[in-house]
Amino acid sequence: MNEFARKKRALEHSRRINAGDLDALVELYAPDAVVEDPVGLPPLTGHDALRAHYGLLLSAHLREEAAEPVAGQDATHALIQITSVMDYLPLGPRYAERGWLKAPDAPETARIRRTAMLVIRMDAAGLVRHLKSYWGTSDLAVLD
């Protein structure tokens, strides 16, 4: 894929998340794709694992704002900054248990904002082979 196609595919990933279309999102991935979200946790591999992961995020009404992607000169990578907002429930308690953020007083109405850098490796057909999401505790905030 050329640089423009990879950039477009990175933006399409966010578009499908914002559309809440789990099936279309998973279609962007190779059957044996690997996702590290965040880098440092055990990787998720394959469509079933990705469907469970993204299904949980979409159930929290995840919405993303994507910055302009950057393409690598290696003909396989794109990098994109994402700022996302989602409901605190259902994932927020897991984040709080890990010490990543403080639990809000009203979890039913609170939201989480997260800034992340995604490094996406694609194959020649444009399927995502590996996605690494880099974010840390300083990139999370609870919005009451």
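Observations on the model:
- Any hit, region 46-65, residues being more than 16 Å from the chain's Cα centre (by Cα), of a type in the set (F, W, Y) and buried (at least 18 other Cβ atoms within 10 Å of the Cβ): no
- Taking every residue in region 91-115 that is farther than 17 Å from H61 by Cβ and pairing it with any residue that is in a loop (DSSP other than H, G, I, E, B) and among the charged types (D, E, K, R), at least 6 positions away or on another chain, the pairs with Cβ-Cβ distances below 9 Å are A96/K102; D105/D144.
- Residue identified as under 16 Å from A141 (Cα atoms), at pLDDT 95 or above and either assigned to a strand (DSSP E or B) or of a type in the set (A, V, I, L, M) (or both) among L89, L56, L25: L89
- In region 128-144, the residues that are part of a loop (DSSP other than H, G, I, E, B) and either among the β-branched types (V, I, T) or surrounded by fewer than 17 Cβ atoms within 10 Å (Cβ to Cβ) (or both): G136, D144
- Selection count where residues are out of contact with any helix residue (DSSP H, G or I) (no Cβ under 6 Å at 6 or more places or on another chain), part of a loop (DSSP other than H, G, I, E, B) and more than 22 Å from A124 (Cβ to Cβ), scope region 1-22: 1
- Qualifying residue in region 29-40 (condition: buried (at least 18 other Cβ atoms within 10 Å of the Cβ), at pLDDT below 95 and more than 23 Å from S138 (Cβ to Cβ)): no
- A search for C-beta distances below 6 Å between a residue of region 54-81 that is aromatic (F, W, Y) and any residue that is open to solvent by less than 30 Å² (accessible area, probe 1.4 Å) and modelled with pLDDT of 95 or more, counting only pairs 6+ apart in sequence or on different chains, returns Y54/L25.
- All of L143, L101, L127, L79 fail the test of being hydrophobic (A, V, I, L, M, F, W, C) and within 20 Å of T45 (Cβ to Cβ), apart from L127.
The values are calculated or read from the model by the stated rules, or taken from the named source; none is laboratory data. The structure displayed is predicted, hence computed values, not measured ones. Cβ: placed from backbone, ideal geometry, glycine included. Neighbour counts: every protein chain shown. Only protein heavy atoms, including side chains, enter the accessible area calculation; ligands, DNA and RNA are left aside. Shrake-Rupley method; radii C 1.70, N 1.55, O 1.52, S 1.80 Å.
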